[in-house]
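Colleague: Have a look at the structure that comes next, please.
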Amino acid sequence: MKRKEVNSSRMPVYRDAGFELYNADLTTSAFKKESEHHREPDNYIYSRYRNPTVVSAEEEIMKLEGCDWALLTQSGMSAIDTALSIFQKGKETKPWLFFTEIYGGTISYIESVLKTRRGIDIRYFTPDDGKYNLKEFEKVISALKPELVYIESISNPMLIVADVTEIARISKKHRSKVILDNTFATPWLFKPLEKGVDIVIHSATKYFSGHGNLTAGVICGNDKKLMHSAIEYRKFVGHMLSPDDAYRLQTQILSFELRFSRQCENAAKLAEYLSNVSLISRVWFPGLKNHSTHETAKHLFAGKGYGAMITFDFDGKDKTEKKSRRDNFIQLVSEKIKLIPTLGDPHTILMPVEAVWGVKYPEPGMIRLSVGFEAYDELYGTISKALALI
Ligand code: PLP
């Protein structure tokens, strides 16, 4: 065995831009294997193509997702761009069907990049009464025959849970590929590739990294052809994650299950408590029996949990009172619960829904919580004290 220079037990940060290839034969062989996914030392060429620290973090995600390949990118958005762009075939591109309850940034990307700049035929499928009508979906897909269907497992901010198993079954029947953004549910709640999904995306900025200190994205799958296309696309457009971010991600992801399971537990207790507070008119959390997709969530997540996001709305005699209660709450909890526009942080953070979504969700009393993994008593104490003062 070749002695290591240092007896480190973990993959270090390799900041090399290019790797030494020694001779022309090794160079030819490395370039031939450019679109493979492996970690043999002789086949690293250039860090925009593949980097050992990045591959090591990808292997941690493959274990979590139980998949054959995972590719890291600089952000969730670049993962989304990669997953979708590999299905673009110039003038031959068939329509792409997007479920409407997806991240606002993804909608902006669809409208501004896919539709306006690339001229792709984009269609949308809208929920009905807080859930997706799958009979209607089957009618749409059989008439449209889209190249792909794009969904999120838990939507934002209404936390609608999609019946992923059924959507994948129907899509497969009509030969459409399914791309799923599983950022909110994570593989801890369910593994989408086992349900027939073709590509899973995560904003690894959120629960995988879990500390709000980096941005990253990942796409995962089992189909080798899709992997080759995605490796090529990531290389051509330069979406590769940096080795420094990959190093932090590979370390932080080791505690992912501990963190996320605790976050789900905290969220379930907090949602139950908030749903009994008279100042609050409504709580959206898929674990509550009155949520429009509670049954789907129970089935899909097999009782493991319901995610760690909660949305609630302050009651009030009019919009002014609701808004003032919301603003008071934000002020009163601000020492412990910060207004930070992200999710999946260690501590509970919040966002005023109307200020972010505008006309889509104009209710002035609405707040979205990303529940953290702090001790539940501390979280409950902060929130119940603030509510008592309003
Ligand atoms: N997908 C979902 C569900 C998100 O919430 C976000 C960002 O908030 C993204 C994708 C984009 O990820 P990123 O900000 O890492 O680019």
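Colleague: So residue 153 passes all but one of these: (1) buried (at least 18 other Cβ atoms within 10 Å of the Cβ); (2) modelled with pLDDT under 95. Which condition number does it fail?
Modeller: Among (1) buried (at least 18 other Cβ atoms within 10 Å of the Cβ); (2) modelled with pLDDT under 95, the lone unmet condition for residue 153 is (2).
Colleague: On to the next question. Determine whether residue 330 is of a type in the set (A, V, I, L, M), outside any helix (DSSP H, G or I), outside the structural domain of residue 213 (by TED's automatic domain parsing) and closer than 28 Å to residue 215 by Cβ.
Modeller: Here the answer is no, as residue 330 does not meet what is asked.
One line per residue, one yes/no per condition, for (1) within 16 Å of the ligand (Cβ to nearest atom); (2) polar (S, T, N, Q); (3) closer than 20 Å to residue 275 by Cβ:
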site: 313; (1), (2), (3): no, no, yes
site: 322; (1), (2), (3): no, no, yes
site: 327; (1), (2), (3): no, no, no
site: 336; (1), (2), (3): no, no, no
site: 346; (1), (2), (3): no, no, no
site: 356; (1), (2), (3): yes, no, no
site: 362; (1), (2), (3): no, no, no
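Colleague: So which strands (runs of 3 or more DSSP E) are wholly in segment 198-300 and hold at least 3 residues that are within 16 Å of the ligand (Cβ to nearest atom)?
Modeller: Correct list: 199-203, 217-221.
Colleague: Of all the residues that make up segment 362-390, how many are under 21 Å from residue 159 (Cβ atoms) and out of contact with any helix residue (DSSP H, G or I) (no Cβ under 9 Å at 6 or more places or on another chain)?
Modeller: Number satisfying all stated conditions: 0.
Colleague: Another question about this same structure. Determine whether residue 165 is modelled with pLDDT of 95 or more and under 30 Å from residue 379 (Cβ atoms).
Modeller: In short, no.
Colleague: A further question follows. With more than 16 Å from the ligand (Cβ to nearest atom) and at negative phi as the only criterion, which of 96, 188 stands out?
Modeller: None of the others qualify; the one that does is 96.
Colleague: Same structure again: Quick check: anything in segment 88-97 crowded, with 19+ Cβ neighbours inside 10 Å and over 27 Å from residue 251 (Cβ atoms)?
Modeller: Within segment 88-97, one or more residues are crowded, with 19+ Cβ neighbours inside 10 Å and over 27 Å from residue 251 (Cβ atoms).
Colleague: Here's a follow-up. Residues to consider are 83, 79, 168; find the one that is of a type in the set (Gly, Ala, Ser) and more than 12 Å from the ligand (Cβ to nearest atom).
Modeller: 168
The values are calculated or read from the model by the stated rules, or taken from the named source; none is laboratory data. Computed from a predicted structure; not experimentally measured. No Cβ is skipped: glycine too gets one built from the backbone with ideal geometry, and neighbour counts run over all protein chains shown.
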